[in-house]
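This report refers to the structure that appears directly beneath it.
The values are calculated or read from the model by the stated rules, or taken from the named source; none is laboratory data. If you're wondering where the values come from, they're calculated on a predicted model, not measured in any experiment. Here the Cβ positions follow ideal geometry from the backbone for every residue, glycine too, while neighbour counts run over all protein chains shown.
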Amino acid sequence: MEFGETSKIRADIFKDGIYEQLNYYYICDAESMTVEQTLTESEKESGYHLVHVSLNEAIKQNEVTTVLDWMYIESETYAMKLLVSGMLK
């Protein structure tokens, strides 16, 4: 079930042009097994890797991030806070 979406449009800080990002948020059942992660080249270059943490720990980590990173994770952090608050039952 989709419970929300966000849209970000702003000047791109890494190259000349416009940065656009659409995020969709869902509530669903998930399998308990972990499968191999597939990353884009830019995600690999940035050192992304899979880590299992609680929602509260993810929120805590997101809130102490740099201002530059915050531009990318603000809406995700808000969505996690909605889940933790119980507003999305």
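Quick check on residue 24: is it outside any loop (DSSP other than H, G, I, E, B), touching an Asp or Glu at 6+ places or on another chain (Cβ under 6 Å) and under 18 Å from residue 77 (Cβ atoms)? Spelling it out, residue 24 is indeed outside any loop (DSSP other than H, G, I, E, B), touching an Asp or Glu at 6+ places or on another chain (Cβ under 6 Å) and under 18 Å from residue 77 (Cβ atoms).
Checked against the criterion of being surrounded by 10 or more Cβ atoms within 10 Å (Cβ to Cβ), closer than 22 Å to residue 77 by Cα, in contact (Cβ under 8 Å) with a residue 12 or more places away in the chain and β-branched (Val, Ile, Thr), the stretch 9-21 has no qualifying residue.
Only residues that are assigned to a helix (DSSP H, G or I) and either polar (S, T, N, Q) or within 19 Å of residue 30 (Cβ to Cβ) (or both): list them for the stretch 42-54, please. Correct list: 42 only. Restricting attention to the stretch 28-82, the residues that are under 23 Å from residue 2 (Cβ atoms) and surrounded by 11 or more Cβ atoms within 10 Å (Cβ to Cβ) add up to 15. The set of residues in the stretch 36-66 being charged (D, E, K, R) and farther than 17 Å from residue 79 by Cα consists of 36, 41, 43, 44, 45. Residue 39: among the aliphatic types (A, V, I, L, M), in a strand (DSSP E or B) and either modelled with pLDDT of 85 or more or touching a strand residue (DSSP E or B) at 6+ places or on another chain (Cβ under 6 Å) (or both), yes or no? Answer is no for this residue.
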